[in-house]
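Peer 1: Mind having a look at this structure? Questions to follow.
Values quoted throughout were computed directly from the atomic coordinates according to the rules given, and no laboratory measurement underlies them. What you are looking at is a predicted structure, and each value in this text was computed from that prediction instead of being measured. We place every Cβ from the backbone using ideal geometry, glycine too, and count neighbours over all the protein chains shown.
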Amino acid sequence: MKTLVTGGAGFIGTHLVERLLNDGNEVIVVDNFTLGKKENVDKFKNNKNYKFYMININNNEEFCEKLKNEKIDIVYHLAANSDIQKGGKNPEVDFRDTFMTTRGVLELMKKNNIKNLFFSSTSAIYGDEHDKLLTEDLGGLLPISYYGGAKFASENFISSYSYMNDFNTMIFRFPNVIGPNLTHGVIYDFSKKLLNNPNELEILGDGTQTKPYLYVLDLIDCIMLMSKEIKKGVNIYNVGVQTATSVTRIADIVCEELGYKNVVYKYTGGNIGWKGDVPKFQYDLTKIHSKGWKAKYNSDDAVRETVKSLKK
């Protein structure tokens, strides 16, 4: 099978590319290195089933032209601004890198008659729903971050294009994904801060922010399982873990695993880390569990394994 992975030089993308190649697929990767890394491309450059294009996907004319002769069976669209804090400082980042990349992919599929799409969405599309159990059919969604808004707009464009062009679409809404080769996020930030000052750690908010953390290899297992045969129309799944980890607990695990002792935590205060941050949420995972997938790592274990990989 010939696959296209947008954002394939990024954190999740690199893990997906490796699995696709190991399973004998041809893989085309598109990335512009906004967040992706060149070494993630070099890792596969000698594999005969691997091909890389450096393209800005939101430049639709160039994107469609360069890939016009590729007979692609499925697109795994991962390209986006995944750094919510970065996007929070400038909405143009998420409009360009999260929403317009999706439009570019949809136009490519329409023009090149590609029928199968996997889209990486996010828990951020639900907004701040406090104590509600988040089900896939929850209505009245009001994202509170530019990132969540761009992903939600992407989902709606995907729905329209899927109907108008008979696409088979799979949408995963997943929470914080962590694991080997992590490039940003709270675990990464804590590790860097402790390198600079091993005696004191600044923690954004009051440390009670509590979220589910999904191990990247569990996510890849789920993607591979569910994209074997995508049904016509739009199929949406929450993908995550049933447990959650507080920011203070993450700090404790980072200090334990990296050998920092007697670290003083300095909290900035408030129940959020930054404007647009959702402090707590809980997924209903009934739908994805009914398909035979469950995460192997709980949230705390995913955090611990990620810190161990950073240590290496």
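Peer 1: If you place +1 on the Cβ of every Lys and Arg, -1 on the Cβ of every Asp and Glu, and leave all else neutral, what size is the dipole of segment 75-147 about its Cα centre, to the nearest 20 Debye?
Peer 2: It comes to approximately 460 debye.
Peer 1: What do you get for the angle between helix 11-22 and the principal long axis of the chain? Use alpha-carbon atoms, 0 to 90 degrees, nearest ten.
Peer 2: 50 degrees
Peer 1: Once Lys and Arg get +1 and Asp and Glu get -1 on their Cβ, which of Gly270, Ile288, Ile230 lies farthest toward the positive end of the dipole of the chain?
Peer 2: Of the candidates, Ile230 comes out farthest on the positive side.
Peer 1: Quick one: what are the phi-derived ³J(HN,Hα) couplings along segment 306-312, Karplus 6.51/-1.76/1.60 with θ = phi - 60°, whole Hz, x for glycine and proline?
Peer 2: For segment 306-312, the Karplus-derived couplings read 5, 4, 4, 5, 5, 4, 5 Hz, x marking Gly and Pro.
Peer 1: With angles folded into 0 to 90 degrees, how steeply does helix 186-196 sit against the dominant principal axis of the chain? Use alpha carbons for both and round to 10.
Peer 2: So the helix axis and the longest Cα principal axis differ by about 50 degrees.
Peer 1: Give me a comma-separated list of calculated 3J(HN,Hα) values for segment 78-87, in order, Karplus coefficients 6.51, -1.76, 1.60 applied at θ = phi - 60°, integers in Hz, x for any Gly or Pro.
Peer 2: Along segment 78-87, the couplings run 10, 4, 5, 7, 9, 9, 5, 5, 4, x Hz.
Peer 1: Hey, what number do you get for the chain at 222 nm if only DSSP H runs of n ≥ 4 count, each worth -39500 (n - 2.57), divided across all residues, to the nearest 500?
Peer 2: On the way: 12 runs with 118 residues, N = 312.
Dividing the helical sum by the residues of the chain leaves -11000 deg cm²/dmol.
Peer 1: Report, by chain and number, residues whose modeled amide H sits under 5 Å from the one on Tyr213, excluding near sequence neighbours (fewer than 5 apart, same chain).
Peer 2: Thr245, Ser299
Peer 1: Rounded to the nearest 20 debye, what is the charge dipole size of the chain about its Cα centre when +1 sits on each Lys and Arg Cβ and -1 on each Asp and Glu Cβ?
Peer 2: 620 debye
Peer 1: Right, something else. Rounded, prolate or oblate: which one fits the chain, using the alpha carbon gyration tensor with axes a ≥ b ≥ c (rounded when a/c is under 1.5, else prolate when a/b beats b/c, else oblate)?
Peer 2: The shape class here is prolate.
Peer 1: Sticking with this one: In the chain, if the dipole is taken from +1 on Lys/Arg beta carbons and -1 on Asp/Glu beta carbons about the Cα centre, which of Gly87, Thr306, Ser246 is farthest to the positive end?
Peer 2: Thr306
Peer 1: If you build the convex hull over the alpha carbons only and average its shadow over all orientations, what do you get for segment 104-249? Give it in nm² to one decimal. Can you show the working numbers first?
Peer 2: Working: hull surface 42.2 nm².
Its Cα hull, projected and averaged over all orientations, spans 10.5 nm².
Peer 1: Using the alpha-carbon atoms, what tilt in degrees (0 to 90, nearest 10) does helix 216-226 show relative to the longest principal axis of the chain?
Peer 2: Once rounded, the angle reads 30 degrees.
Peer 1: What is the magnitude of the charge dipole of segment 1-114 about its Cα centre, with +1 placed on the Cβ of each Lys and Arg, -1 on the Cβ of each Asp and Glu, and no other charges, expressed in debye to the nearest 20?
Peer 2: Charge dipole of segment 1-114: 160 debye, to the nearest 20.
Peer 1: Would you mind checking which residues have amide H under 5 Å from Phe52's amide H? H placed 1.01 Å from N; only 5 or more apart, or other chain.
Peer 2: Distant-sequence amide H within range of Phe52: Val29.
Peer 1: Follow-up question, since we're still on this one. Can you put Arg19, Arg304 in order of Cβ neighbours within 10 angstrom, beginning with the fewest?
Peer 2: Arg19, Arg304
Peer 1: Now a separate question. With each pseudo-label sitting 7 Å past Cα toward Cβ, what's the Lys192-Met1 distance in nm, one decimal?
Peer 2: 3.6 nm
Peer 1: Gap in Å between the Cα centre of segment 212-276 and the Cα centre of segment 30-82?
Peer 2: So the two Cα centres are separated by 26 Å.
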